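Enquirer: Dropping a structure here in structure tokens format, bear with me for questions.
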Amino acid sequence: METWSTHHLYNGALAIHDTDTASEIRRYAQNLITKGHPVIFSLEHLSRITHVSYAMLRATVERKRESANYRMFAVSKRSGGLRFIHAVTGDLQIVQRFINQDILQNCRVHPASFAFHASGGIRKCAAQHTCARWLFQFDLSDFFYAVNEAQVFKLFSEMGYRELLAFELARLCTTTRLPRNKREYLIRRPGQPLFPRLGIEANTDGLPYPLTPGDLGVLPQGAPTSPMLSNLVAAKLDVSLSGFADEFGFIYTRYADDITISAANLPSSVAIGTIYHRIINCIRKAGFYENRKKIRIAGPGSKKVVLGLLVDGPEPRISRETYKRIDRHLHAVSVYEWEATAAHEGFDSAFGFHNHVCGLISFVKDVDLKRWEEFSTRLLKLPVPSWICNSIP
């Protein structure tokens with residue numbers, strides 16, 4: 001990353017601009033530095049910082065490289081159906097990693113948000129709900145696709161980046177390439193203009209580049225920038241639900257698209273149905289939709305599970321069923337190897353099953369280090385086919 005003083009910048013600007021323009025350039029840079037963001041003046045400047053072709057960045061902003069930039073494939077979900085992943089290709093991944101590491105990871109998320117940043121984590125999130133007698137749990141439907149480029153533009157603009165650059169950054173982090181059954185997220189809904197006018201050459205949509213009517217990009221699932229961008233856009237939801245929780249003495253957390261509100265006791269003046277509808281109302285007002293199939297309300301006497309961890313005691317803990325499942329998988333692979341075990345467990349591929357097992361073992365690490373070491377040692381002793389990247393979770 002570039003390092004220089006704004007005094008040096010000002011003196012250099014004076015050589016080619018008048019005093020007012022040079023002062024404005026200095027103010028712009030100092031504002032970004034104060035906020036902890038890298039100074040970027042234009043798309044061309046970004047290409048120099050990241051050593052990525054300006055022509056490629058320009059074509060991406062103009063939506064001329066959607067198929068070239070993203071390789072889209074489907075993976076089966078354990079709950080049924082398919083999840084579509086956008087694998088970012090080529091130099092765009094370099095730029096998105098820069099945006100995530102140097103810009104987004106410096107942004108402060110809402111205290112109730114526990115995913116996609118170093119100070120969060122599954123265990124910390126679940127710990128907020130230990131010993132609760134009531135759990136209200138909701139899942140946000142198509143979390144990444146529900147965030148569009150207008151919202152991302154607003155984020156970058158509020159960080160202090162020039163409006164045109166904010167628009168270009170938003171385009172670099174979003175896509176219009178979606179599976180057919182998800183293209184509804186690209187439809188522009190009626191309401192206020194999504195973008196302010198950007199310069200005298202902007203078209204009638206207020207955008208500086210031609211745009212296919214209705215096609216407003218969304219966050220691709222699989223891009224390095226999507227997790228934190230979704231977190232930051234969801235801050236409005238976090239504020240709303242935190243306020244609702246505080247009103248009744250409840251606890252609210254969000255881990256990506258998983259929402260949990262817990263209570264030691266419910267106020268006698270508030271019905272469960274009222275709580276349910278208030279939460280739904282907050283979700284929809286923030287621009288998201290609930291997945292009705294994953295709504296769960298657990299009262300006294302019910303099993304209390306948050307993000308796969310039991311929270312019925314003073315500390316989050318992993319269920320015996322999870323330990324048994326990992327043990328069963330490792331034993332089966334030691335006897336029948338990866339391919340046969342994957343087929344028996346209903347996985348499409350041995351590679352996917354291997355990733356699943358590694359994910360389960362990683363899940364244990366944050367809660368039970370001793371059992372994680374045991375499982376990791378057993379995993380290392382298993383036969384390792386050439387198609388498996390031999391890494392310990």
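Enquirer: I'm checking my understanding of the structure. Among residues of region 320-338 that are out of contact with any Lys or Arg (no Cβ under 9 Å at 6 or more places or on another chain) and within 28 Å of THR253 (Cα to Cα), which one is surrounded by the most Cβ atoms within 10 Å (Cβ to Cβ)?
Expert: Step one: of region 320-338, the residues out of contact with any Lys or Arg (no Cβ under 9 Å at 6 or more places or on another chain) are 320-322, 324-325, 328-329, 332-333, 335-338.
When the remaining residues are screened for being within 28 Å of THR253 (Cα to Cα), the result is 320-322, 325.
Numbers: ARG320: 9, GLU321: 9, THR322: 17, ARG325: 14.
In this case the residue turns out to be THR322.
Enquirer: Checking LEU164 against (1) aliphatic (A, V, I, L, M); (2) surrounded by fewer than 22 Cβ atoms within 10 Å (Cβ to Cβ); (3) within 30 Å of LYS303 (Cβ to Cβ), only one condition comes out false. Which one?
Expert: For LEU164, the failing item is (3).
Enquirer: Additional query: Could you check region 45-79 and list, in sequence order, the residues that are hydrophobic (A, V, I, L, M, F, W, C), open to solvent by less than 30 Å² (accessible area, probe 1.4 Å) and touching a residue at least 24 places away in the same chain (Cβ under 8 Å)?
Expert: Residues satisfying the conditions are LEU46, ILE49, VAL52, MET56, LEU57, VAL61.
Enquirer: Further question: Which of the residues belonging to region 76-111 are modelled with pLDDT of 90 or more, basic (Lys, Arg) and either over 15 Å from the mean Cα position of the chain (by Cα) or within 16 Å of LYS35 (Cβ to Cβ) (or both)?
Expert: Within region 76-111, just ARG108 meets the criteria.
Enquirer: Kindly indicate the residue of region 267-286 that is among the hydrophobic types (A, V, I, L, M, F, W, C) and surrounded by fewer than 18 Cβ atoms within 10 Å (Cβ to Cβ) and also nearest to LEU219 (Cα to Cα) among those meeting that condition.
Expert: So, considering only residues that are among the hydrophobic types (A, V, I, L, M, F, W, C) and surrounded by fewer than 18 Cβ atoms within 10 Å (Cβ to Cβ), the one nearest to LEU219 (Cα to Cα) is ILE280.
Enquirer: Answer yes if at least one residue in region 294-305 is assigned to a loop (DSSP other than H, G, I, E, B), among the β-branched types (Val, Ile, Thr) and touching a strand residue (DSSP E or B) at 6+ places or on another chain (Cβ under 7 Å), and no otherwise.
Expert: Here is the first cut: in region 294-305, the ones assigned to a loop (DSSP other than H, G, I, E, B) are 295, 299-304.
Narrowing the set further to residues that are among the β-branched types (Val, Ile, Thr) leaves 295.
Adding the requirement that they be touching a strand residue (DSSP E or B) at 6+ places or on another chain (Cβ under 7 Å) leaves 295.
Yes.
Enquirer: Oh, and also: Check ASN281, ASN231 and return the single one that is in contact (Cβ under 8 Å) with a residue 40 or more places away in the chain and among the polar types (S, T, N, Q).
Expert: When all the criteria are applied, what remains is ASN231.
Enquirer: A follow-up question, please. Within the group ASN100, ASN106, which residue is under 24 Å from TYR161 (Cα atoms) and touching a His at 6+ places or on another chain (Cβ under 7 Å)?
Expert: None of the others qualify; the one that does is ASN106.
Enquirer: When you go through (1) aromatic (Phe, Trp, Tyr); (2) farther than 20 Å from LEU155 by Cβ; (3) surrounded by 15 or more Cβ atoms within 10 Å (Cβ to Cβ); (4) free of Cβ contacts under 8 Å to residues at least 60 places away in the same chain one by one for PHE98, which number turns out not to apply?
Expert: Condition (2) is where PHE98 drops out.
Enquirer: Taking region 300-319, which residues are of a type outside the set (S, T, N, Q), farther than 15 Å from ARG371 by Cβ and surrounded by 13 or more Cβ atoms within 10 Å (Cβ to Cβ)?
Expert: The first filter runs over region 300-319 and keeps only residues of a type outside the set (S, T, N, Q), leaving 300-301, 303-318.
Next, from what is left, pick out any that are farther than 15 Å from ARG371 by Cβ: 300-301, 303-307, 311-314.
Hits for region 300-319 are LYS304, VAL305, VAL306, LEU307, VAL311, ASP312.
Enquirer: Which one of the conditions (1) touching a helix residue (DSSP H, G or I) at 6+ places or on another chain (Cβ under 6 Å); (2) open to solvent by less than 10 Å² (accessible area, probe 1.4 Å) does GLN151 fail to meet, given that it meets all the rest?
Expert: (2)
Enquirer: Okay, next question. Could you list, ordered by first residue, the pairs with Cβ atoms under 9 Å in which the first is in region 356-372 and under 15 Å from GLU315 (Cβ atoms) and of a type outside the set (A, V, I, L, M) and the second is open to solvent by 40 Å² or more (accessible area, probe 1.4 Å) and not in a helix (DSSP H, G or I), at least 6 apart or interchain?
Expert: Listed pairs, sorted by first residue: ASP368/ARG317.
Enquirer: I'd like to verify a number: residues in region 18-44 that are under 15 Å from GLU163 (Cα atoms) and open to solvent by less than 30 Å² (accessible area, probe 1.4 Å), how many?
Expert: So the answer is 7.
The values are calculated or read from the model by the stated rules, or taken from the named source; none is laboratory data. For clarity, every value in this text was computed on a predicted model and none was experimentally measured. Cβ: placed from backbone, ideal geometry, glycine included. Neighbour counts: every protein chain shown. Surface accessibility is based on the protein's heavy atoms, side chains included, excluding ligands, DNA and RNA. Shrake-Rupley method; radii C 1.70, N 1.55, O 1.52, S 1.80 Å.
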